[in-house]
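Right, one structure below, let's go through it.
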Amino acid sequence: MDNQQVSFTSKLRRLALNACFGDGHFWKHPECVNYKLIYNSTDKELLETKRKICLEIFPTGVKSCRESGEVEGVTKNAKELFRLASIVHPIFTIYKKKSKIELINELTLFDFGLWYLDDGCCVQRKPHYNFRYYLCIGNTCNTQILEDVFMSKIKELFPDEKTYGTIKRNNSKASVNNKNWVIPVPIAEKIMSIAKDFYVIPNKFRCKKTSETIRKE
């Protein structure tokens, strides 16, 4: 996405918010005052694209932190894992300390597009081969209050839609910390419009059987 007109502070806030909801976390050295961001992904290009949001904060670039192959206690056929780490910054410390309600209320359409690339999926369903979109929201809505706040944010961002989807546990045995948002197609298409301009990942976008999903240059 074009971030040339976005302030440095706004870029850091977007990255911090993505770490709060997507595939990232905050880390602080015991001797440091402030936190840094660390992203992990098996998709190196996704991390490279996130890095481009604010190159100044990621001086060391994307690094491999786990080779592909057998990983004890995980899988016998793991993909290579990559890591993107920032330098420390006070904004990251602020976001580390924010409540879930505060974080949810800050979400924008941009944030949902980026979050979807981390934790979303597009499933083609038989027998009619229609598509359903999901966003794994984990423990974001592990109370009724948080679920209400989340759905209020969806209604705020998509005021013209008639339905806003449902929040469900991932399966019958899942805890309240393992939930999905089932996204209505009209809302999903708006999120896709943001995500596609950022990066395209197979299995997250609707695609024809005769073509492959490729990165948008």
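Data for the structure
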read-out	value
Residue in region 146-167 that is assigned to a strand (DSSP E or B), surrounded by 14 or more Cβ atoms within 10 Å (Cβ to Cβ) and at pLDDT below 95 present	no
Residue count for region 185-204, restricted to those that are part of a loop (DSSP other than H, G, I, E, B) and touching a residue at least 24 places away in the same chain (Cβ under 8 Å)	4
Answer residue from region 94-143, given it is of a type in the set (Phe, Trp, Tyr) and under 20 Å from residue 193 (Cα atoms) and is surrounded by the most Cβ atoms within 10 Å (Cβ to Cβ) among those	116
Failed item in (1) out of contact with any Leu (no Cβ under 7 Å at 6 or more places or on another chain); (2) under 26 Å from residue 37 (Cα atoms); (3) of a type outside the set (Phe, Trp, Tyr); (4) not assigned by TED's automatic domain parsing to the domain that holds residue 14, with residue 80 passing the rest	(4)
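The values are calculated or read from the model by the stated rules, or taken from the named source; none is laboratory data. These numbers were taken from a predicted model, which means no experiment stands behind them. Virtual Cβ from ideal backbone geometry, glycine too; neighbours counted across all protein chains shown.
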